[in-house]
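The values are calculated or read from the model by the stated rules, or taken from the named source; none is laboratory data. Remember, predicted model here, so these are calculated numbers, not experimental data. No Cβ is skipped: glycine too gets one built from the backbone with ideal geometry, and neighbour counts run over all protein chains shown. Protein only, heavy atoms only, side chains kept; ligands, DNA and RNA dropped before computing areas. Shrake-Rupley method; radii C 1.70, N 1.55, O 1.52, S 1.80 Å.
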Number of protein chains: 2
Amino acid sequence: MEAVRSKEWVLTSYVPEGTPTMEHMKLRSCEVSVDSVPDGHVAIQTLYLSVDPYLRTRMTGLEDGLYFPQFPLNQVITAFGIGRVIKSLSGDFRVGDVVTNPFSPVAEYYTTSCNFLRKVDPAAGIDLPCYLSALGVPGFAAWIGIQVLANPKPGENVFISAAAGGVGMFAGQLAKLKGCRVVGSTGSDDKVKLLKEEFGYDDAFNYKKESDLDAALTRYFPSGIDIYLDNVGGKMLEAVLNRVNTHARIPVCGMISQYNKVWSDREGVRNLLNMVGKEVRMEGYLVGSYLDRFGDFMTEMEGHLKQGSIRSKHKIYKGMESFPESLGSLFSSSNDGKVIVQL
Amino acid sequence: MEAVRSKEWVLTSYVPEGTPTMEHMKLRSCEVSVDSVPDGHVAIQTLYLSVDPYLRTRMTGLEDGLYFPQFPLNQVITAFGIGRVIKSLSGDFRVGDVVTNPFSPVAEYYTTSCNFLRKVDPAAGIDLPCYLSALGVPGFAAWIGIQVLANPKPGENVFISAAAGGVGMFAGQLAKLKGCRVVGSTGSDDKVKLLKEEFGYDDAFNYKKESDLDAALTRYFPSGIDIYLDNVGGKMLEAVLNRVNTHARIPVCGMISQYNKVWSDREGVRNLLNMVGKEVRMEGYLVGSYLDRFGDFMTEMEGHLKQGSIRSKHKIYKGMESFPESLGSLFSSSNDGKVIVQL
């Protein structure tokens, strides 16, 4: 093997508003020269790519220093990925090793230094897509939000938005394992069913069918809300702040309802004053700041997966061509569970 | 002395929007029978009353369970006060003792149980109004916000809104004592001068003269904001969230710009997503939840006052008649420092 044809997605224009589509990206084919891998580097064949909402925040072109840096135009998009080493000039990796890469190019093949690669242990007997969900960014984000920031006590009332999404799915299950009552909101009746039947949520509702979110939360939280893992922001956060209990905690993982708008067009939250009267703590977080806890997380989550006490659901898109569609699906409530592209 | 005439303010109607005025209250005169003080109780002559923004939140009539309970109509308003014991049927207090009372009626004279009374030590040599400011609710609120919740490190950039008000005045000085760079916003040029010349702020600005708060904060915080003690909410909070550094802390003491509006008319904060990208922690608080720290606070603050390392400024209104005007003044930027009524 000297060179391989590789399809990859490059970002061709920024998308300040609306959903990114195929019009903003280009699928190009190039040759990856496997024989000229530099010393200390490896060549990788991508197996799976993780499609997460934060990718969208790197495509706005609005570099304000307040979120992740923007993807450069006309370069290959990057995402969390899993791949197989097909050529190695590193002493740490052998051909055949399966590795995770938080900065994987959205490409079928690539060469890379080994700085951020992490070997997957085949003896663990865990399905590869789980390394992008329960054991990947979404699982870790759920674990930080629930265990580290919210620190739930048994019997507390926990609300999760985007509950059938990559993060929400695990957040609710982790809170249940802590003895909480957990309710989730999601965007379809099928997903309401999924939350209750598969993920053990005590209750769930389809926010698209609720004309009055305040009324909905009053119904689902007769004793108020102690913990809200916010994945959506906007009107839902406002409704939560009308229903919080004293010393409620709101870890903010993301605000997917707001990503497709420039900030001055976003929905303003008008009742932050309730944070004073109810002494609420709201805290935004990025998983990258908690890497010192990744080992603890892996140990705990692998245990849960092996015991079957945490379940996972993946929406698998097939083929490199499906990347833009898989990304768009995050904003349309059209899928269950963690969105993954399989190559 | 058998009975004394006492003037007192009762709330006659709630004020959901706008500033409370004399039209919403009635000054009535009644007789307080000093000879019939019940066992374990004392009769008190009020000397000073503390006029604080939170009083306004108890006059809206909107009992939503999210803030303090509403004052009952046609009953005497209560506030933090200092008084002198004029009759005692309690073993713990003697005639002549000066006491603080967090639930003092806004009345010249009253009888009360002794549960919440706390003796002022005349040997400390501290002016009585200081027990309502540096050593009272505002000083304690500033101390909790800065020392307990924000925990500043030397060199951090601290922003205080309503900086010349009861809380802001002390918050800025406490942050300076921690080695921070401190900038305040306030509502008049005189108060800007006061902050810089009396309270040792590194810089200050008159927000009424800034047409663009984002531009103002960019100018005053070239290295961004690490700590914001929020006393005002609304547009100022939004501007701060456009200028925060990673891991910024925002203790929320109050939101005076928002008190005179019903919640759905308040200014929405549209850029909470910056809390994720910058991993900001925002936390509302009420001093009543930190009473276990009151001793630590008193020890530290008395030390600062005796050494002259914390200064205090009081705007003293005279006579019971001035109570509504003193309350209204909180919302018009028309006074410096802590608002107090002296009887």
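Checking each residue in the stretch A:57-86 for being within 14 Å of chain B (Cβ to nearest Cβ) and either in contact with a helix residue (DSSP H, G or I) (Cβ under 7 Å, 6 or more places away or on another chain) or open to solvent by 30 Å² or more (accessible area, probe 1.4 Å) (or both) picks out A:R58, A:L62, A:E63, A:D64, A:G65, A:L66, A:Y67, A:F68, A:P69. Number of residues in the stretch A:307-330 that are surrounded by 20 or more Cβ atoms within 10 Å (Cβ to Cβ) and assigned to a loop (DSSP other than H, G, I, E, B): the value is 3.
Among the residues that make up the stretch A:20-37, is at least one of them assigned to a strand (DSSP E or B) and under 23 Å from A:F170 (Cβ atoms)? So far as the stretch A:20-37 goes, no, none of its residues is assigned to a strand (DSSP E or B) and under 23 Å from A:F170 (Cβ atoms).
Looking only at residues that are more than 7 Å from chain A (Cβ to nearest Cβ) and surrounded by fewer than 21 Cβ atoms within 10 Å (Cβ to Cβ) in the stretch B:268-293, which one is nearest to A:P251 (Cα to Cα)? Ranking the qualifying residues of the stretch B:268-293, first place goes to B:Y290. Looking at this structure, is B:K153 open to solvent by 10 Å² or more (accessible area, probe 1.4 Å), more than 16 Å from the chain's Cα centre (by Cα) and farther than 24 Å from B:D292 by Cβ? Yes: the conditions hold for B:K153. Scanning the stretch A:241-267 for residues that are in a helix (DSSP H, G or I) and within 7 Å of chain B (Cβ to nearest Cβ) yields A:Q258, A:W263, A:S264.
Restricting B:E321, B:E238, B:E325 to residues that are among the charged types (D, E, K, R) and either touching a strand residue (DSSP E or B) at 6+ places or on another chain (Cβ under 6 Å) or farther than 30 Å from B:T19 by Cα (or both) narrows the list to B:E238.
Here the stretch A:294-324 is the region considered, the condition is being in contact (Cβ under 8 Å) with a residue 12 or more places away in the chain and acidic (D, E), and the residue that is nearest to the other protein chains (Cβ to nearest Cβ) is A:E300. Residues that are open to solvent by 10 Å² or more (accessible area, probe 1.4 Å) and under 14 Å from A:I310 (Cβ atoms) are absent from the stretch A:102-116 altogether. Would you be able to tell me the number of residues in the stretch A:23-36 that are touching a Lys or Arg at 6+ places or on another chain (Cβ under 9 Å) and either open to solvent by 10 Å² or more (accessible area, probe 1.4 Å) or on the phi > 0 side of the Ramachandran plot (or both)? The total comes to 7. Could you please find all residues in the stretch A:38-56 being more than 26 Å from A:L89 (Cα to Cα) and open to solvent by 20 Å² or more (accessible area, probe 1.4 Å)? If the condition is that a residue be more than 26 Å from A:L89 (Cα to Cα) and open to solvent by 20 Å² or more (accessible area, probe 1.4 Å), then A:P53, A:Y54 are the ones that fit. Against the condition over 20 Å from B:A171 (Cα atoms), touching a helix residue (DSSP H, G or I) at 6+ places or on another chain (Cβ under 7 Å) and not in a helix (DSSP H, G or I), how does B:E279 come out, does it pass? So B:E279 fits the description; yes.
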